[in-house]
Amino acid sequence: MHQLHAIEMGEGAGTSVVFLHGFGGTAASWHIVQKAVSETHSTIAFDLPGHGTSLDYPDAVTARHFAEAVIDEFNRRNIRKAHLVGHSMGGATAALVAVFAPEKVASLTLLAPGGFGPDINGRLLRHYAAARTYDALETALEGMFGWRSPVDEEVISRDVALRQKAGQIERLNAIGARMMKDGMQGTIPREYLEAFVMPVTVAWGRLDNVLPLYQSEGLPQHFSVHRFDGVGHMLIEEIPDQVIRLVSATVRTG
């Protein structure tokens with residue numbers, strides 16, 4: 001069985017918290033949030049297939065494939081149940097884990113999740129996937145952050161280093177082509193979301209230039225929805241303290 005690379009932090013007898021990054025990210029994207037949450041819970045952040053140290057994970061280019069890989073990892077690790085936290089593509093992945101294996105999901109915290117509507121800024125994401133240099137990545141990331149949020153040099157350098165690995169850009173391009181087929185993303189059917197019985201928190205930046213804010217509207221009534229002024233798509237980097245509070249609150253309810 002193929003394995004996903006993981007960063008593990010914390011200890012605790014309770015239910016683990018699992019972090020799933022967005023397109024072009026890695027487990028390291030969660031460092032600040034994971035470190036804080038790990039003070040009270042055992043935590044795992046995965047490199048999803050085709051990203052970072054999981055680059056060579058075969059035959060996985062869609063959120064459905066990623067969800068299946070996460071479920072396989074749960075089974076391999078004997079994780080009976082976990083709180084899932086996902087950003088963007090990782091949010092779509094977390095939601096699909098809850099669709100395919102609801103018994104394994106204690107709660108969902110979804111940060112600007114993919115799959116909640118057809119519109120997606122494919123042009124920006126294609127530039128981001130293909131960018132190799134510091135300057136090109138800085139330009140792409142500036143389009144993902146809120147207009148007044150600085151793009152941390154460490155984030156840019158992290159993405160530059162990721163793309164030095166042979167085959168990484170090609171894999172990102174392949175994933176992006178499937179994720180944005182015909183210029184739109186696949187949408188998780190509303191009846192699937194309505195069927196969730198676990199606590200679900202959704203967060204969105206009002207200046208999101210990747211997945212539009214309207215996708216946070218009209219969600220099932222039992223979802224707890226939070227919208228943040230002045231924030232773009234990169235909630236983990238832009239408002240880590242608020243993200244930590246949301247994750248912690250959702251985990252307590254689950």
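Here are a few things to note about the model shown:
- Hits in the range 45-57 - residues which are open to solvent by 20 Å² or more (accessible area, probe 1.4 Å) and outside any helix (DSSP H, G or I): Asp56, Tyr57
- Only one of Ala36, Ala13, Ala28, Ala60 that is within 19 Å of Lys104 (Cα to Cα), surrounded by fewer than 24 Cβ atoms within 10 Å (Cβ to Cβ) and either touching a residue at least 24 places away in the same chain (Cβ under 8 Å) or among the hydrophobic types (A, V, I, L, M, F, W, C) (or both): Ala13
- Selection from the range 97-121 of residues that are open to solvent by 10 Å² or more (accessible area, probe 1.4 Å) and in contact with a helix residue (DSSP H, G or I) (Cβ under 7 Å, 6 or more places away or on another chain): Val99, Phe100, Lys104, Phe116
- Applying a threshold of 8 Å to beta carbon distances and a minimum spacing of six or more residues, or different chains, the list of pairs starting in the range 77-97 at a residue that is in contact (Cβ under 8 Å) with a residue 60 or more places away in the chain and at positive phi and ending at one that is among the hydrophobic types (A, V, I, L, M, F, W, C) and outside any helix (DSSP H, G or I) reads Ser88/Phe23; Ser88/Leu111; Ser88/Ala112; Ser88/Val210; Ser88/Leu211.
- Any helices (runs of 4 or more DSSP H) falling wholly within the range 123-187 and containing at least 2 residues that are among the hydroxyl-bearing types (Ser, Thr, Tyr), open to solvent by 50 Å² or more (accessible area, probe 1.4 Å) and out of contact with any Gly (no Cβ under 9 Å at 6 or more places or on another chain): 134-142
- Enumeration of residues in the range 200-209 that are of a type in the set (Val, Ile, Thr) and crowded, with 23+ Cβ neighbours inside 10 Å: Val200, Val202
- Every test in (1) over 24 Å from Thr15 (Cα atoms); (2) loosely packed, with under 15 Cβ neighbours inside 10 Å is passed by His222 save one, and that test is (1).
- Condition met for Arg64 (within 21 Å of Thr187 (Cα to Cα) and of a type in the set (D, E, K, R)): yes
- Enumeration of residues in the range 100-122 that are within 12 Å of Val200 (Cβ to Cβ) and outside any strand (DSSP E or B): Pro102, Pro113, Phe116
- Residue in the range 72-88 that is outside any strand (DSSP E or B), buried (at least 24 other Cβ atoms within 10 Å of the Cβ) and not polar (S, T, N, Q) present: no
The values are calculated or read from the model by the stated rules, or taken from the named source; none is laboratory data. Not measured: the values here are computed from a predicted model. So basically every Cβ, Gly included, is an ideal-geometry build from the backbone, and we count neighbours across all protein chains shown. Side chains are part of the model used for accessible areas, which takes the heavy atoms of the whole protein and leaves out ligands, DNA and RNA. Shrake-Rupley method; radii C 1.70, N 1.55, O 1.52, S 1.80 Å.
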